[in-house]
Amino acid sequence: MPVPFDIQTVKTRAMEEIVELMARQQGITPLLFRKDDYLIREGEKARNLYVILRGACVVEQASYLLDQPPVLLAEIRCEAEDLALVGEMAYLGDQPRSASVRALEDTHTLCIKPQHVDAIIQGAPMLTRVIFQQFVLRLRDANQMIKELSTLTSL
C-alpha cells in the first residue's frame, strides 16, 4: 500500500519544475511504493500515470500459458538524475491496463491524474520530454517485437 512522502526528500534535476507544478495543480501526489507493492495492476481501468523519481519497478504481463509466471516486459531503474514514466498507455486510450507494474525496491513516484498532463505539457518542459521519450521507447520496443515475430513466422 503506497504512502505519501515529502517531495523535498528526493533529489532530481526536475525538482524545481515538480515543486512549481504541484503548487499550480492540486492532486499531484508524491507516493512511496514499498518492495512488491503494485503501482498498476493488469486489467484495472484506472488512468493515473506515475513519474518514477527514484527506485526500481518491473513491468510484467500475465502469461498466455496456463500455470506460468508473468512475462517480464521491462525493468525500470531511476536514480536522482533520471526520471521514468509508467501508465501512459492507459491515459491515451480507454482500455484496461495491459500490464502490471510492481516495485522492486522502495520507489518514489508522483501520481498524476489525466487532467494534469495538459498542465505538464504547457509548463514543465523537462517532464514533457520524459513523457515523449517514454512514448518513443514504447514505439521502438513494439516495432522491434513485431520484427522479431515476423522473422519467426516466416521460418
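Just one residue in the set Pro30, Pro70, Pro2 is farther than 29 Å from Pro125 by Cα and either surrounded by 15 or more Cβ atoms within 10 Å (Cβ to Cβ) or touching a His at 6+ places or on another chain (Cβ under 6 Å) (or both); that residue is Pro70. Scanning segment 28-65 for residues that are over 19 Å from Val10 (Cβ atoms) and touching a residue at least 60 places away in the same chain (Cβ under 8 Å) yields a count of 4.
Considering the conditions (1) among the hydrophobic types (A, V, I, L, M, F, W, C); (2) in a helix (DSSP H, G or I); (3) under 13 Å from the mean Cα position of the chain (by Cα), Leu85 is excluded by exactly one of them, (2). Taking segment 66-80 as the range and being within 15 Å of the chain's Cα centre (by Cα) and either closer than 18 Å to Cys111 by Cβ or without any contact (Cβ under 8 Å) to a residue 12 or more places away in the chain (or both) as the test, the residues that pass are Ile76, Cys78. Against the condition surrounded by 14 or more Cβ atoms within 10 Å (Cβ to Cβ) and either of a type outside the set (Phe, Trp, Tyr) or under 17 Å from Arg129 (Cα atoms) (or both), how does Ser63 come out, does it pass? Against the criterion (surrounded by 14 or more Cβ atoms within 10 Å (Cβ to Cβ) and either of a type outside the set (Phe, Trp, Tyr) or under 17 Å from Arg129 (Cα atoms) (or both)), Ser63 does not qualify.
Only the coordinates and a few stated rules stand behind these numbers; no lab work does. Being a predicted model, the structure only gives us computed values, none of them experimental. All Cβ positions, even for glycine, are placed from backbone atoms using ideal geometry, and neighbour counts span all protein chains on display.
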